[in-house]
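J.: This structure is in structure tokens; I'll ask about it shortly.
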Amino acid sequence: MRGLSVLAAALVALALVTSGAFAKGGRGDENIGFGYGKDVRYARALGYCNAFQDRETRYATCLSDALFSLVQGRNSATEVPKIDDYVSHLTGYLPAHCHVLMHSVGRRYAASVHLTLSNLLDYLPRSNSASCAAGFGHGLLMDLAPQLGNLSPAQAVKACADAETRYQRYSCTHGEGHAYMRLYGEQLPYALHACRLLGPDNAPDCAAGAFHDYWIAVAGLDQAKKPSDPITSPRLLCAKESGGFVRGCWYRALLEHPPAKPIESVGDVYRQCRGLQGVQGAGCTIASVVVAADDPFTEMDICVAMRRPGAADCVRGIRVADLNESPRSEQLRLIRRCANVFHGAQHACYRWLGMTLNVVTNGDFMNVGCNELRFVATRVACKEGAAAYEGPLETFS
């Protein structure tokens, strides 16, 4: 009997600890074991869906519901970055698909809080992540599509202009491209026209969101209206339906609809883009590099091997955003490799990486990064790019 009393007391104490932990909320507060490790609230909600891993549609639906349950009733601006951080330490389906899964979560959350454009920035995730957080933000904007359609171009630009960081401003504008596609029933020409009205500093990034949504619709995903007769060839789409945003068209086309044969070398890039000239060839080169690897240094290896002027396009495909939380030493290691690319492309390399590294550091790289380069000419090119970081990015994610 005494043993049972001790056991009962232990269970009561455990229940009190458990209820207290779950009342706190937020990552790192619910670190009770039961085989889940730390972050139990996230592990339980998302781990439950593993029972459906052999049925992808059911698995995706379960994950979407679980992700919504994690953010429901909480401040998405601070909660979504915590979810993103948790997911970034996982492997498999969820981290690979979190961006698109969070589109629907963002839409549901927007409806639950009666989101308006006037309070959008109160709920936009305070994160520079292109994964879960960016997808959630794009979902918020999709829900706001009818309101966005009632704004003047200047008002639409203003809706994103006060976001906390340069990356968040870029991602918000990208999200407006998604919103215009939903507003116009996935009719790409209408969405691209709406993007163009935002002006040259914002139109390319808005168009990138429109192209992103186009391929989501073609795949029949994310509740997007599937086109009745979609163009699935990037060569045809980007030649005839790009609305002048050719580089952005190619970039999203290969990201969302990768080539059947993997791109692993400079020879594969040449094969993928054979016969294309001018801006079409440039767009194809950029897009081929971005799908060649998940590692920016591996992509840089391809650009170094491209001993021709096209290396200037190649570096625009490097996944610089992946270095947003990397030490400054890693960011410098990447830009210093511009010294190894084809000589005629070196200035463009320093300029582009100066710009994009300044984006992911929210303006810090211009001085603390560019000044670390050895030669005057390279510092000048880096700062020239960094100074333009508020301008259009177009081929970036």
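J.: Determine, from the Cβ-Cβ distance of R235 and Y190 and an R0 of 25 Å, the FRET efficiency 1/(1 + (r/R0)^6), rounded to the nearest 0.05. Don't skip to the answer; put the middle values down first.
T.: Working: r = 23 Å, r/R0 = 0.91.
E(calc), rounded to 0.05, equals 0.65.
J.: To continue, here is another question. Out of every Cα-Cα pair in region 299-358, what percent are more than 18 Å apart? Walk me through the intermediate numbers first.
T.: Details: 410 of 1770 pairs.
The answer is 23 percent, as a whole percent.
J.: If you wrap a convex hull around the alpha carbons of region 289-397, what volume per residue comes out, as a whole number of Å³? Don't skip to the end; give the middle numbers.
T.: Working: hull volume 9.3 nm³, N = 109.
That works out to 86 Å³ per residue.
J.: Continuing with this model, one more query. Determine the share of the chain's accessible area contributed by carbon and sulfur atoms, expressed in whole percent, with a 1.4 angstrom probe.
T.: Numbers: 9350 of 17500 Å².
Solvent-exposed carbon and sulfur of the chain make up 53 percent of the total.
J.: Another one. Counting only other residues whose beta carbon sits under 14 Å from that of R107, what net charge do I get with K and R as +1, D and E as -1? Write out the running numbers ahead of the final one.
T.: Numbers: positive: R108, R182; negative: D65, D143, D213, D222.
Neighbourhood net charge equals -2.
J.: Beyond 21 Å, what share of the Cα-Cα pairs of region 158-229 is found? Please give it as a whole percent. Don't jump to the answer; show the numbers that get you there.
T.: Working: 585 of 2556 pairs.
Here the tail beyond 21 Å accounts for 23 percent of pairs.
J.: Looking at the P(r) of region 223-345, how many percent of alpha-carbon pairs lie beyond 17 Å?
T.: More than 17 Å apart: 57 percent of the Cα pairs in region 223-345.
J.: Something else: Given R₀ = 51 Å, what would the calculated FRET efficiency be for N150 paired with R374, taking r from the Cβ atoms and rounding to 0.05?
T.: Details: r = 53 Å, r/R0 = 1.03.
Plugging the Cβ-Cβ distance into 1/(1 + (r/R0)^6) gives 0.45.
J.: Oh, and also: Against the 2.2 N^0.38 Å scaling, with N counting residues, where does region 86-223 land? I'd like the Cα-based Rg ratio to two decimal places. The partial results should precede the final answer.
T.: On the way: Rg = 13.8 Å, N = 138, 2.2 N^0.38 = 14.3 Å.
Computed over Cα atoms of region 86-223, the ratio equals 0.97.
J.: Could I ask something else about it? For region 163-301, place one equal point scatterer on every Cα, skip the solvent, and apply the Debye formula. What is log10 of I(q)/I(0) at q = 0.19 Å⁻¹?
T.: Debye curve over Cα of region 163-301, log10 I(q)/I(0) at q = 0.19 Å⁻¹: -1.12.
J.: If I model a spin label at K226 and R307 as a point 7 Å from the Cα along the Cα→Cβ vector, what separation in nanometres do I get?
T.: 4.8 nm
J.: As a test question: what accessible area, to the nearest 10 Å², does D364 have when a 1.4 Å probe is rolled over all protein chains in place?
T.: That residue has around 90 Å² of solvent-accessible surface.
J.: May I pose another question? Provide the solvent-accessible area of L63, counting protein heavy atoms only and rolling a 1.4 Å probe, rounded to the nearest 10 Å².
T.: Roll a 1.4 Å probe over it and L63 shows about 0 Å².
J.: Further question on the same structure: Taking N as the number of residues in the chain, what value does Rg over Cα atoms divided by 2.2 N^0.38 Å take?
T.: Numbers: Rg = 22.7 Å, N = 397, 2.2 N^0.38 = 21.4 Å.
Compactness ratio reported: 1.06.
J.: Kirkwood hydrodynamic radius (Cα pairs, Å) of region 89-139? List each step's numbers first, then the result.
T.: Details: mean 1/r = 0.0886 Å⁻¹.
Across region 89-139, the inverse of the average 1/r is 11.3 Å.
J.: Another one. With n ≥ 4 as the cut-off for DSSP H runs, can you work out [θ] at 222 nm for the chain, using -39500 (n - 2.57) per run divided by the number of residues, rounded to the nearest 500?
T.: On the way: 22 runs with 245 residues, N = 397.
Computed mean residue ellipticity for the chain: -19000 deg cm²/dmol.
J.: Once every Cα of region 186-228 carries one equal point scatterer and solvent is ignored, give the base-10 log of I(q)/I(0) from the Debye formula at q = 0.15, 0.16, 0.25, 0.33 Å⁻¹, two decimals.
T.: These q points yield log10 I(q)/I(0) values of -0.35, -0.40, -0.78, -1.06.
J.: Another question about this same structure. Leaving ligands, DNA and RNA out of it, work out the accessible area of K226 with a 1.4 Å probe and give it in Å² to the nearest 10.
T.: 120 Å²
J.: Give me the one-decimal nm value for the distance between modelled label points at A260 and D364, 7 Å along each residue's Cα-to-Cβ direction.
T.: Distance between label points: 4.6 nm.
J.: Next up: Using only the heavy atoms of the protein chains and a 1.4 Å probe, how would R307, R316, R166 rank by accessible area, largest first? Numbers along the way, then the final one.
T.: Numbers: R307 130, R316 50, R166 10 Å².
The most accessible residue leads, giving R307, R316, R166.
The values are calculated or read from the model by the stated rules, or taken from the named source; none is laboratory data. All of these numbers come straight from a predicted model, not from anything done at the bench. Heads up, the Cβs are rebuilt from the backbone with ideal geometry, glycines too, and the neighbour counts pull from every protein chain shown. Each accessible area value is taken on the protein alone, full model and side chains, heavy atoms only, with ligands, DNA and RNA left out. Shrake-Rupley method; radii C 1.70, N 1.55, O 1.52, S 1.80 Å.
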